[in-house]
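These notes concern the structure reproduced below.
The values are calculated or read from the model by the stated rules, or taken from the named source; none is laboratory data. These numbers come from a predicted model, not from an experiment. Note that we place each Cβ from the backbone using ideal geometry, even for glycine, and neighbour counts take in every protein chain shown.
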Amino acid sequence: MKKRAARFPLLVYTPLRRWGSLGLLTVLVVGTFWLLMPRVLGPTPLRPLALLAALAGGVLFVYGRFAPRVAHIRCEPSGLRLQGPLMPLLISYRRIEGTRLAPLAKVFDPQKDRAARRWPPAYWGMTAVLVDLKGYPVPLWWLRLWFDRHLFMPNGTGLVLLVEDWLGLSQQLDGALSAYRAQRARK
């Protein structure tokens, strides 16, 4: 039996843990308000809205808690699997033109990118694996709807993969690409 490829968690989703904390706080505060509302204000038509806000906080808590754990990249025999928090994407090795390494600060400008300013400062000194693609399997607007926009190159077509073990991902991706190209050359 063949060993399954390593799973590399995507660090761009790590800051979503704060959403989990915000969701938990929302559930606690609004849930308490919902429970105490009849005693303090008497019967009111606003009570269902408080319950709706508490449910939204619960969804935010679940998403913030599990999104960083679910989101990862993996080299599979059929292609590069990008698993987002809500949707997977399989990119065939046929679409990959090449890979390269670059410091994250060279890919995204920390001064201009407001969303990225909230990342931990250690991210800016890390190396990202850049995957140049011939094209995306689905339209880019659809991908940006389901995935963090920092997974896509700002200039060009490709992926920006920020993982802890960038060397391991790079080696695994190069090995998978070599195996794919060798298999195509035999046909």
> Is there any pair linking a residue in the stretch 144-168 that is without any contact (Cβ under 8 Å) to a residue 60 or more places away in the chain and closer than 18 Å to A67 by Cβ to one that is of a type in the set (S, T, Y) and part of a loop (DSSP other than H, G, I, E, B), with Cβ under 8 Å and at least six apart or on different chains, and which?
Replying inline: none
> For the subset of the stretch 60-98 comprising residues that are hydrophobic (A, V, I, L, M, F, W, C) and part of a strand (DSSP E or B), which member is surrounded by the fewest Cβ atoms within 10 Å (Cβ to Cβ)?
Replying inline: L90
> Restricting the first residue to the stretch 173-187 and requiring it to be on the phi < 0 side of the Ramachandran plot, which pairs with a second residue that is assigned to a helix (DSSP H, G or I) and hydroxyl-bearing (S, T, Y) meet a Cβ separation below 6 Å and a spacing of at least six or different chains?
Replying inline: L177/Y93; Y180/Y93
> Would a scan of the stretch 114-135 turn up a residue that is outside any helix (DSSP H, G or I), at pLDDT below 90, loosely packed, with under 14 Cβ neighbours inside 10 Å and touching a helix residue (DSSP H, G or I) at 6+ places or on another chain (Cβ under 8 Å)?
Replying inline: yes
>> I'd like to check something: does the stretch 78-97 contain any residue that is touching a residue at least 40 places away in the same chain (Cβ under 8 Å), charged (D, E, K, R) and farther than 30 Å from A182 by Cβ?
In response: no
> In the stretch 15-33, is there at least one residue being in contact with a Lys or Arg (Cβ under 7 Å, 6 or more places away or on another chain) and either closer than 18 Å to Y123 by Cβ or free of Cβ contacts under 8 Å to residues at least 12 places away in the same chain (or both)?
Replying inline: yes
